[in-house]
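The values are calculated or read from the model by the stated rules, or taken from the named source; none is laboratory data. The structure displayed is predicted, hence computed values, not measured ones. Positions of Cβ are backbone-derived with ideal geometry, glycine not excepted, and every protein chain shown enters the neighbour counts. Only protein heavy atoms, including side chains, enter the accessible area calculation; ligands, DNA and RNA are left aside. Shrake-Rupley method; radii C 1.70, N 1.55, O 1.52, S 1.80 Å.
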Amino acid sequence: MKLPDDFQWIEAAPDDDWSGARLDLDGHPVLEVSACRGGWLVVVLMDDPRQPQANVAVRSVPAGMRWSARWALSRTDRLRVLAARRHASRQPVVETLPSPALSLASRPVAYTREEEPLDA
């Protein structure tokens, strides 16, 4: 099944320390097909509080990828919203801070003595 261009499958290479495949959306992991007790399990990594998804047992990595593609296609718009929120939460908050060379202390004010007139 063909997924939109912003989705990308990453499959484990033979020399990797993991096996299976992972589906990413703009660099954010959506789900993973991984080995589990002699079988394969599809684990949803991008949780949607509106529609929680249980893990799904599949017979092989290709079967997991097919199931995952159908699942992702039926939720494409919602997954994009969730990915955008994750992207926004990853953005560093840029605060305007003065240069370290500048002092944050206020400048000293020259002391002026006010004298009160004496009433005699």
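Spin-label pair Asp26-Asp48: with each label point 7 Å from Cα along the Cα-Cβ axis, the two points sit 1.6 nm from one another. In a simple Cβ point-charge model (Lys, Arg +1; Asp, Glu -1; nothing else charged), the range 23-92 has a dipole of about 120 debye relative to its Cα centre. Taking other residues whose beta carbon is less than 12 angstrom from the beta carbon of Trp71, and scoring Lys, Arg as +1 and Asp, Glu as -1, yields +3. Amide H contacts for Trp40 (H built 1.01 Å from N in the peptide plane; partners 5 or more residues away or on another chain; cut-off under 5 Å): Val58.
Taking Lys and Arg as +1 and Asp and Glu as -1, the other residues whose beta-carbon sits under 14 Å from that of Ala35 total -1. The H on the amide N of Asp6, modeled in the peptide plane, is under 5 Å from the matching H of no residue at least 5 residues off or on a different chain. Between Asp5 and Ser74, the contour length at 0.36 nm per residue exceeds the alpha carbon distance by 23.3 nm.
On the range 33-84, 54 percent of the accessible area sits on carbon and sulfur atoms, based on a 1.4 Å probe. 3J(HN,Hα) along the range 71-79, derived from phi through the Karplus expression 6.51 cos²θ - 1.76 cosθ + 1.60 where θ = phi - 60°, amounts to 4, 5, 5, 6, 10, 3, 5, 5, 5 Hz, with x in place of Gly and Pro.
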